[in-house]
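Below: one structure, written as structure tokens.
Bear in mind these aren't lab numbers, they're just calculated from the coordinates by the rules spelled out. Note that this is a predicted model, so its numbers are computed, not measured.
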Amino acid sequence: MGKLVRISDSTINCEIVHRNIKYPRLEFKTGKLLLVLPIDHRDYNNLIEKHQDWIFKRSSEIVAALEKAQKKELNLKRTDEELKKSIYSIVDEVSSDLKININNIYFRKMKSKWGSCSPNKNLTINTLLKYLPENLIEYVIFHEMVHLIERKHNKLFWKFIATKFDNYEEKEKELFEYWFLIQKKI
Ligand SMILES: [Zn+2]
């Protein structure tokens, strides 16, 4: 079900789904507000009102990211095979840098993240990375593999990241922008 909600002076497009869950939640994963509600929850106006500051802030961030992203180009030429080849060689390089070996690399299209790394050293790569510039792909791999040293995004984690990417804040921002660009264009 789609719905338009007005918050301050903005109109926000919002999608509502009911699921077998206990508590309602709000998401912005695809750039659009999604209300996930328990089956018998009908009073979403209340929920929107209660969280309107958060919704407004989040949606403004996304609009700004999209505006910046319009100036960026997606790489529409890289094939899945080429992506895999790049990833394998980047993982090799990062493995020797960090002295960490990866067991398996899995490739799939993911809806909420660029990649993940499990404690048993399996790396999962979002195939949407093929649309990104090489240096951002390198950043994502490095980021995920540093999670094998430190799970959380704490000071130590960012210190490790900074050894290779001292501009990591810029990289994170770019990834955020590309995420919404891909949601819109692909
Ligand atoms: Zn992370």
Query raised in the report: Within straight cross-link reach of Lys77, meaning Cα distance under 24 Å, which lysines are found once same-chain residues fewer than 8 apart are removed?
Result: Lys68, Lys85, Lys109, Lys111, Lys113, Lys130, Lys171, Lys173, Lys184, Lys185
Query raised in the report: Whole-Hz Karplus ³J(HN,Hα) for region 31-45, in order, using 6.51 cos²θ - 1.76 cosθ + 1.60 and θ = phi - 60°, x for Gly and Pro?
Result: x, 10, 5, 10, 9, 9, 10, x, 3, 8, 8, 10, 8, 6, 4
Query raised in the report: What is the diffusion coefficient of region 80-185 in µm²/s, taking the Kirkwood radius over Cα pairs and the Stokes-Einstein relation at 37 °C with a viscosity of 0.692 mPa s?
Result: 235 µm²/s
Report summary line: Helix 134-146: inclination vs the chain longest Cα principal axis, degrees, rounded to 10, gives 90 degrees
Requested in this report: Return the single residue from Ser96, Ser112, Ser59 with maximal mean-square fluctuation; model: Gaussian network over the chain, springs between Cα atoms under 10 Å.
Outcome: Ser96
Requested in this report: Sequence neighbours fewer than 8 away in the same chain don't count; with that in mind, list the lysines whose C-alpha is under 19 Å from Lys22.
Outcome: Lys50
Requested in this report: Report, in deg cm²/dmol and to the nearest 500, the calculated mean residue ellipticity at 222 nm for the chain, where each DSSP H run with n ≥ 4 adds -39500 (n - 2.57) and the sum is divided by the residue count.
Outcome: -15000 deg cm²/dmol
Requested in this report: Scan around Gly115 for amide H atoms under 5 Å from its own, H built in the peptide plane at 1.01 Å from N, and keep only partners 5 or more places away or cross-chain.
Outcome: Asn126
Query raised in the report: How large, in Å, is the chain by the Kirkwood hydrodynamic radius built from its alpha-carbon pairs?
Result: 18.4 Å
